[in-house]
Amino acid sequence: MNEKHAAGQSSRPIFNRRQFINRVAAWSAGALAAPPVFQLVPQAKAAPTQPLLAVAKGADYEAILTKVLEPLGGLAPFVKKGAKVVVKPNIGWDRTPEQAANTHPLLVKAMIKHCLDAGASKVMVFDRTANDCRLTYVTSGIRKIVESINDPRVSCTFVDDRKFVPVKIAKGKAVTEWDFYKDALDADCYINIPVAKHHCLAGLTLGLKNIFGVVGGKRGELHQSLGQKIADLNTVRPSTLTVIDATRILLRNGPSGGKLDDVKELHTLIASADTVAADAYATTLFDMKPDAVESTRCAAAMGLGEMGLNKVKIVKV
Amino acid sequence: MKNRRLRVPWKWLRRAVQLAFLFVFLWLFRQTESDGTGILHPAANLLFRLDPLVGASAILAGKELIALVWPTLITIALTLVLGRFFCGWVCPLGTLLDVAHRPLPKRDTPPDPRWRIVKFFLLGVVLVSAGFGMQLIGYVNPFSILVRGLAVAVDPWLNRSVTAPFTWLYKNAPESVTNVTEPVYEFLKAGVLPFQQNAFVWAGLSFAILAAVFALELVERRFWCRNLCPSGALMGLMARFALLRRLPTRVCGHCKAVADCDEFCRMGAFDEQERLIPESCNLCLDCVSGCPSGVARFGFRKTKAAPAPLEPSRRLFLASLATGVALPAVARVARDGSRLPDDLIRPPGARGEREFLDLCVRCAECMKVCPTNALQPALFESGVEGAFSPRLMAELGYCEYNCTLCGQVCPTSAIRRLPVAEKQKFIMGKAVFDKDLCIPFAKGESCITCEEHCPLPEKAILFREAEAVVKKTGQRAIVKQPFTVLSLCIGCGICETKCPLPGKRGVRVVREETVPPDVKKEYEELEKTNPRPAGGPAAERAAGY
């Protein structure tokens, strides 16, 4: 069925958000029906553009990833057979997993496995780091766990400065041109797996802010009108799927953190094809309203997604 | 030695050993780099710890026994048995000079052989002035000159020259070409080239000194080793008592070869009366391999014929003594140590300025290993003797919070090897904001990039929300204006490095004692009125999730 959808599409993305949402909604509607029946449901008959968001909780992070993806139809709707996939965690800081400044390595590993199971031909893991990348890749535990998968399709590499290419941001309001990482632009599927944490300036750093890991240049220059610039950058490389790592969240002193007192264990994952909706929901975990985060507001205003949680179909599993 | 008829190919054996040691040296040089684990190869600094002059001058200047230099005892012991073998068989600079000599034009008129006593003068000056508290070894130690030249100049330049064509092809060539070049590039990046493109201030100066050593090969073969090298001089003095010796200790005089040993000796190790100079012979064994009659050999047997007498005269000794005493005194006058530039930041774990300069042998290993390229060679900021000592230039790079590599690589513990937890508390300097430049003050726009990067668990940068005029629009807006919690700041410099301002940054790390009292007072006041956001988002106060 992937092929059927892909047939009418240009090279990327696999299918757009609306198509995806329709299909997910159809899946939910026909939850009790057998898959052959689902295939017969015409897209037009599905519910209108209500984004779907799944939340899962549990101590086994690999298991809750499988659970949280279930309502979305697993990874199959996102990762075509033979697709080149970028899995983009946060590996920005020279911090250990329990310090909650980077994405949990177990989540990275589980996501890669799902991609491989879905038939990805290539899974690339990288991040443009804030601290020295050699340190962050080791301390975060991510490099080691990715290498433990030991599959030639999987790579965990440092960012190569040569691969940043200038991109005109047609829809950009605050930033109209910036360098983007070629591998992220070229990927068939871009899976965004940020860690949810406090950010001194942005309020929180969630799915939208994670775009900073695939952009070049002097990122401090993006700190003026940060929220709008984050939204602008996301128009260039929208996430195919966002899974927010709230297994533990950083409540204060973010984004770098460093103090275990600031970390709260929630054992939660949030998944949605709508990054704005995912961010909006994740914000509530900090006991904040979705509109407290400027980037969420800006992105919603640009039509990048839905921040009104009452308009989002939330499935807790 | 007994089986002289077997004719061991000594020359080739020596060359093989030389190349092997050169390879080990270059391999260790490449290992002197972060791999992300925070642990450095323990032998990365071995060359310096083997050199008796490094050990002696650091101990003399620092007035303390430095345990780290124990491997030099091996060198001393072997030198007392074998003589100045290190220079002929081990020293990577010597090997490189031998290699460089081959293509160079040969001169017919060698310089005055008495140049060879200069090395004893330099040795005396270095040791005496070290004793009087001035470390000059960075100017004359062969390993400091070599490693520093390689680390700050040759290696970065080589990396640039090798990667540039690959980068150009990567960006411009069709895929059919890059399909071939990229694997080569990957291979080079993985094993041969340094991890990152470093850049160092005054790289040309360190290169010029290294290049001069090589240029002297034009004057005479191994000119540096024969005449100038103070490390060689020290080992040479030990070699006088060595058990192994070239026999006979004179040019035998009935040679059928075209040239006598003294004519082709690369070290010029025979004096004007054709007597062997034990201080000069580096056991290259050319004379053994080249001897047509099989007379020349090396053996442990004593002979009646005495070698050349000890060369450094009393006058030379007194001259070096006088110079060694005078230089520190003159330098003291020229420099007022209490007034160092405010941005002369020393590496984490560095001893106090005086002690630090005494122990530092200017090897540049710390600059080589620093993962952010923050450590740079100083020029004369702390006097003539401070040249080539490491300083942290926060506008170029910062000190990684969890990194202790410079302390691990320092061969003389001028930078102490602190445990990570202790190093994280080591105060290098303090960050001070410049309101004329810092964006929220000067432009009325938000920024806080500095606070974002502050690695301390309790952030050493806080901010107050203040109304400011937005320069672009002329309107007023509330922005977060940063200040430093001086009691917490360790001066790692990441705030300065990451400050988005081009050129001069809105925040600078300065020496702790140079923070102006009024700034101190202001920050303390701000800390009282703008307490740390204790609850942060109300998450914790909320009842459960």
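As a test, work out the antiparallel percent of DSSP beta bridges whose residues both lie in the range A:51-316, rounded to the nearest 5.
Here the antiparallel bridges make up roughly 50 percent for the range A:51-316.
Taking all protein chains as present, what is the carbon and sulfur share of the accessible area of the range B:353-418, in % to the nearest whole number, probe 1.4 Å?
Carbon and sulfur atoms account for 57 percent of the accessible area of the range B:353-418.
Between helix B:175-191 and chain B, what is the angle of the helix's C-alpha long axis to the longest principal axis, kept within 0 to 90° and rounded to the nearest 10?
70 degrees
How many Å² of accessible area per residue for chain B, probe 1.4 Å? Walk me through the numbers before you get to the answer.
Values: 24630 Å² over 545 residues.
Ligands and nucleic acids excluded, the result is 45 Å² per residue.
Could you sort the residues of the range A:111-155 by number and keep only those whose accessible area is reduced by 20 Å² or more in the all-protein-chain setting relative to the chain alone, 1.4 Å probe?
By number: A:ALA130, A:ASN131, A:ASP132, A:ARG134, A:LEU135, A:VAL138.
Using a 1.4 Å probe on protein heavy atoms, which residues of the range A:197-231 have at least 50 Å² less accessible area in the complex than alone?
Buried on complex formation: A:CYS200, A:LEU201, A:LYS218, A:HIS223, A:GLN224.
On full extension of the chain, what length is gained from B:PHE380 through B:ALA164, given 0.36 nm per residue of separation minus the C-alpha to C-alpha distance?
Values: separation 216, 0.36 × 216 = 77.76 nm, distance 3.31 nm.
Result: 74.5 nm gained on full extension.
Cα centroid distance between the range B:352-423 and the range A:270-303, in Å?
Between the Cα centre of the range B:352-423 and that of the range A:270-303, the gap is 45 Å.
Kindly provide log₁₀ I(q)/I(0) values, in the same order as q = 0.08, 0.12, 0.13 Å⁻¹, from the Debye equation applied to equal alpha-carbon scatterers of chain A.
For chain A, the Cα-only Debye profile gives -0.31, -0.74, -0.88.
Please list, ordered by chain and number, the residues whose modelled amide H lies under 5 Å from the amide H of A:LYS122; skip anything fewer than 5 residues away on the same chain.
It is A:VAL85, by chain and number.
If I model a spin label as a point 7 Å beyond the Cα along the Cα-Cβ vector, how far apart are those points for B:ARG476 and B:THR178 in nm?
5.4 nm
Which number do you get for Rg(Cα) / (2.2 N^0.38 Å) in the range B:430-529? Don't jump to the answer; show the numbers that get you there.
Values: Rg = 12.9 Å, N = 100, 2.2 N^0.38 = 12.7 Å.
Rounded to two decimals, the normalised Rg is 1.02.
Average the reciprocal distances over every distinct pair of alpha-carbons in the range A:78-167, invert the result, and give the Kirkwood radius in Å.
Working: mean 1/r = 0.0749 Å⁻¹.
Across the range A:78-167, the inverse of the average 1/r is 13.3 Å.
In nm, to one decimal, how far is the modelled label at B:VAL8 from the one at B:ALA306, with both set 7 Å along Cα→Cβ?
With each label point 7 Å from Cα toward Cβ, the separation is 3.0 nm.
At 1.4 Å probe size, what's the solvent-accessible area of A:SER148? Round to the nearest 10 Å².
It works out to around 70 Å².
Any idea what angle helix B:517-529 forms with the longest principal axis of chain B, computed on alpha-carbon atoms, 0 to 90 degrees, nearest 10?
With rounding to tens, the tilt is 50 degrees.
What residues of the range A:114-142 lie in the reach of a label at A:LYS81, counting those whose backbone N is under 15 Å from a point 7 Å from the Cα along Cα→Cβ?
A:116-122
Helix B:92-101 against the longest principal axis of chain B: what's the angle in degrees, Cα atoms only, rounded to the nearest 10?
60 degrees
Any idea of the total accessible area buried by the A-B contact, 1.4 Å probe, rounded to 100 Å²?
Details: alone 13470 and 26440 Å², together 36190 Å².
Interface between A and B: roughly 3700 Å².
How would you rank A:225-233, B:93-101, B:196-204, A:243-251, highest first, on the average number of other Cβ atoms within 10 Å across their residues? Write down the numbers at each step before the final one.
Values: A:225-233: 23.7, B:93-101: 20.0, B:196-204: 17.2, A:243-251: 26.6.
Peptide ranking by packing, descending: A:243-251, A:225-233, B:93-101, B:196-204.
What nm distance separates the two modelled labels at A:ILE314 and A:THR66, each placed 7 Å from Cα along Cα→Cβ?
The two pseudo-label positions are separated by 2.6 nm.
For A:THR157 and B:LYS425, what is the calculated FRET efficiency with R₀ set at 35 Å and r taken between the beta-carbons, to the nearest 0.05? Mind showing how you got there, number by number?
Numbers: r = 34 Å, r/R0 = 0.98.
Efficiency computed from Cβ-Cβ geometry: 0.55.
Keeping the other protein chains in place, figure out the carbon and sulfur percent of the accessible area of the range A:214-317, with a 1.4 Å probe. Mind showing how you got there, number by number?
Working: 1400 of 2990 Å².
Whole-percent figure for carbon plus sulfur exposure: 47.
The values are calculated or read from the model by the stated rules, or taken from the named source; none is laboratory data. Predicted, not measured: the structure shown is a model, and the values here were computed from it. Glycine also receives a Cβ, built like all others from the backbone with ideal geometry; neighbour counts cover every protein chain displayed. Just so you know, the surface numbers come from the protein's heavy atoms only, side chains and all, with ligands and any DNA or RNA stripped out. Shrake-Rupley method; radii C 1.70, N 1.55, O 1.52, S 1.80 Å.
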